[in-house]
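**Student:** A single structure is presented below for examination.
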Amino acid sequence: MEYFPIFARLNGRKTVLVGGGNVALRKARLLLAAGARITVVAPALAPGMATLAASGELEHVAARFSPEALDGAFFVVAATDSSAINAEVFAAAERRQLLCNSVDDLAQSSAIVPAIVDRSPVQVAISTGGAAPVLARRLRERIEQLLPSGLGRLAALARRLRSRVTARVHDPEHRRGVWERALDSDAANAVAAGRGSPNDFRAELDAQIAAADASSAGVAWLVGAGPGDPELLTLRALRAMQDADVVLHDRLVSREILARVRRDAEVITVGKQSGCPGTTQAAINEKLVALVASGKRVCRLKGGDPFVFGRGGEEIEALRAAGLAYEIVPGITAGVGCAAYAGIPLTHREHTQAVQLVTAHGKGAWDSIDWQGLAASRSTLVFYMGVARLERIRDQLIAHGRSPDTPFAIVESGTTREQRVVTGELATLPEVATRHTIRSPAIVYVGTVAGLANELAWFAPVQSAEAPPIYATLSATG
């Protein structure tokens, strides 16, 4: 994060604006809207600025800038058409440890004025760190369309009612739940849309306060985080991640996805990795039950889908046995998501009409796999957690009748910037994987559709010296 976002209270504080032209006028209007006490330093003023000075809305010092003009200032804006003067203003502000914004000059700025969506007291500020101001304005336009015009009215009403809730609901977590349910209600939406009555929202809030004790019981959300790309999270998954008091997450849940968790939530890693010490499933079940039983709202965040090799069923059984509430939030399973990003159609009318998902890891996995059926079906085979067992996968499939020249594809770190796709023929599967140092997490695809990866891949490489390709396809001979 290059810039720390902050909202400054300028009301009644001295703000020095250096420059008297039209650019300075735009800044002056913005600063006046925030209640700033503006001193403009400029030899002369443009007509609009002169009007503001004549009406007493700002003070005009008719002089060239000198460092003494910053005495007593809280914030500084340099808005002249001279880069030399702007640099002088910035240097003077730096010596006084004052934040300074130099218009359209990042090098001479310690603060950036963002694009603003104003629904006072609700404000949304958008910044690109000065890299692309037009992009920031475009984002502002989109957000303007999304936010109802009466949102500020709802926020002001909530501010007036805060003491009412605080006085009656003493537990902070229960109080947050009251506000979340009230603000999600039809009454709140009606006020934000400009057609609702404040009394209706007040009544809704009172109803939520009355129900606070009854609604304080914990709940678990078993959430599928998808295969890696945070853009593949469902809206329901995001809601659970934002509402949860505690998040228990697996090793495969990426930092980018965890960044979307509510910032004040407790985040606990309960990941397991083959061959390494980790949290046992029994311990995870026990932790999950204990948290929910204590009244916590828990997001059990799993890579892929909770019910596809995610052991979600075992966790649900533990919650049910304890009589606790839960909800399942499906996610895109890795076998499907990684195939899509690699351009592998799991079904194709000219190749195969069936898919089989297989785990090469787990209790009695190898003893229970029907290798004869897998080899004979000619369906697309999708092996999860099979990187350490590639030789056995190859040997068993060929021994039971699968052709040695059947195409395979391995997708490593699928849907992420580190995604790699290695392709080849089944007979060479372990050797190719070793040659390209394939590591977990990776999905193995066996079937004729795997040969389409190079033809249909859309997750195209980014040729950049600064960042590695977000997609790479390697052939057996590559």
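**Student:** Yes or no: segment 255-262 includes at least one residue that is touching a Lys or Arg at 6+ places or on another chain (Cβ under 9 Å) and buried (at least 17 other Cβ atoms within 10 Å of the Cβ).
**Tutor:** no
**Student:** Determine, yes or no, whether Arg239 is touching a helix residue (DSSP H, G or I) at 6+ places or on another chain (Cβ under 7 Å) and either open to solvent by 50 Å² or more (accessible area, probe 1.4 Å) or at positive phi (or both). Can you show your working first?
**Tutor:** On the way: touching a helix residue (DSSP H, G or I) at 6+ places or on another chain (Cβ under 7 Å): no; either open to solvent by 50 Å² or more (accessible area, probe 1.4 Å) or at positive phi (or both): yes.
Here the answer is no, as Arg239 does not meet what is asked.
**Student:** If a residue must be assigned to a helix (DSSP H, G or I), modelled with pLDDT under 90 and open to solvent by less than 70 Å² (accessible area, probe 1.4 Å), how many such residues does segment 165-174 contain? Outline the logic, then answer.
**Tutor:** Here is the first cut: in segment 165-174, the ones assigned to a helix (DSSP H, G or I) are 165-168, 172-174.
Applying the additional criterion that residues be modelled with pLDDT under 90 yields 172-174.
Imposing the further condition that a residue be open to solvent by less than 70 Å² (accessible area, probe 1.4 Å) reduces the set to 173-174.
Result for segment 165-174: 2.
**Student:** Moving on. Which pairs do you get when a residue that is more than 20 Å from Val289 (Cα to Cα), found in segment 227-253, comes within reach of a residue that is open to solvent by 10 Å² or more (accessible area, probe 1.4 Å) and in a helix (DSSP H, G or I), reach meaning Cβ atoms under 6 angstrom, with the pair 6+ apart or on two chains?
**Tutor:** Pro227/Ala334; Pro230/Glu256
**Student:** What pairs come up if the first residue lies in segment 19-40 and is over 11 Å from Thr80 (Cα atoms), the second is of a type in the set (Phe, Trp, Tyr) and open to solvent by 10 Å² or more (accessible area, probe 1.4 Å), and their beta carbons are under 6 Å apart, counting only those six or more places apart or on different chains?
**Tutor:** Hits for this filter: zero, empty list.
**Student:** Return only the number of the condition from (1) assigned to a strand (DSSP E or B); (2) farther than 21 Å from Leu429 by Cα that Gly313 does not satisfy.
**Tutor:** (1)
**Student:** Could you check how many residues of segment 49-80 are open to solvent by 70 Å² or more (accessible area, probe 1.4 Å) and over 26 Å from Arg9 (Cβ atoms)?
**Tutor:** Number of matching residues: 4.
**Student:** Continuing with the same structure: Give me a count of the residues in segment 287-339 that are more than 20 Å from the chain's Cα centre (by Cα), over 18 Å from Asp229 (Cα atoms) and open to solvent by less than 10 Å² (accessible area, probe 1.4 Å).
**Tutor:** 5
**Student:** Specify which of the listed residues (Ala453, Ala460) is modelled with pLDDT under 90 and either surrounded by fewer than 18 Cβ atoms within 10 Å (Cβ to Cβ) or in a loop (DSSP other than H, G, I, E, B) (or both). Write out each step before concluding.
**Tutor:** On the way: Ala453 fails: either surrounded by fewer than 18 Cβ atoms within 10 Å (Cβ to Cβ) or in a loop (DSSP other than H, G, I, E, B) (or both).
One residue alone meets the criteria, Ala460.
**Student:** Looking only at segment 139-169, which residues are within 12 Å of Arg119 (Cα to Cα) and of a type in the set (Asp, Glu)?
**Tutor:** Listed by number, the list holds a single entry, Glu144.
**Student:** Taking the conditions exactly as written (under 19 Å from Ser440 (Cα atoms), more than 15 Å from the chain's Cα centre (by Cα), basic (Lys, Arg) and surrounded by fewer than 17 Cβ atoms within 10 Å (Cβ to Cβ)), does Arg251 satisfy them or not? It would help to see each step written out before you state the result.
**Tutor:** Values: under 19 Å from Ser440 (Cα atoms): yes; more than 15 Å from the chain's Cα centre (by Cα): yes; basic (Lys, Arg): yes; surrounded by fewer than 17 Cβ atoms within 10 Å (Cβ to Cβ): yes.
For Arg251, the condition - under 19 Å from Ser440 (Cα atoms), more than 15 Å from the chain's Cα centre (by Cα), basic (Lys, Arg) and surrounded by fewer than 17 Cβ atoms within 10 Å (Cβ to Cβ) - is met.
**Student:** For the condition under 38 Å from the mean Cα position of the chain (by Cα) and surrounded by 15 or more Cβ atoms within 10 Å (Cβ to Cβ), what is the one hit in Ala92, Ala46, Ala111, Ala107? Outline the logic, then answer.
**Tutor:** Values: Ala92 fails: under 38 Å from the mean Cα position of the chain (by Cα); Ala46 fails: under 38 Å from the mean Cα position of the chain (by Cα); Ala107 fails: surrounded by 15 or more Cβ atoms within 10 Å (Cβ to Cβ).
Criteria check complete, one pass: Ala111.
**Student:** Shifting gears a bit: Of these, Leu151, Leu58, which one is over 19 Å from Leu32 (Cα atoms) and touching a Lys or Arg at 6+ places or on another chain (Cβ under 9 Å)?
**Tutor:** Numbers: Leu58 fails: over 19 Å from Leu32 (Cα atoms).
Matching residue, one of Leu151, Leu58: Leu151.
**Student:** Right, something else. Pick out, from segment 189-308, the helices (runs of 4 or more DSSP H) lying fully within it that include 3 or more residues that are under 22 Å from Arg176 (Cα atoms).
**Tutor:** Working: elements: 198-210, 235-243, 255-258, 281-293.
Counting at least 3 such residues, we get 198-210, 235-243, 281-293.
**Student:** Continuing with this model, one more query. What pairs come up if the first residue lies in segment 396-420 and is closer than 30 Å to Ile332 by Cβ and open to solvent by 20 Å² or more (accessible area, probe 1.4 Å), the second is among the hydrophobic types (A, V, I, L, M, F, W, C) and part of a helix (DSSP H, G or I), and their beta carbons are under 6 Å apart, counting only those six or more places apart or on different chains?
**Tutor:** Gln396/Trp371; Pro407/Ala450
The values are calculated or read from the model by the stated rules, or taken from the named source; none is laboratory data. Computed from a prediction, not measured in an experiment: that's the story for all the values here. Backbone-built Cβ (ideal geometry, glycine too); neighbour counts: all protein chains shown. Heavy atoms of the whole protein, side chains included, go into the accessibility calculation; ligands, DNA and RNA do not. Shrake-Rupley method; radii C 1.70, N 1.55, O 1.52, S 1.80 Å.
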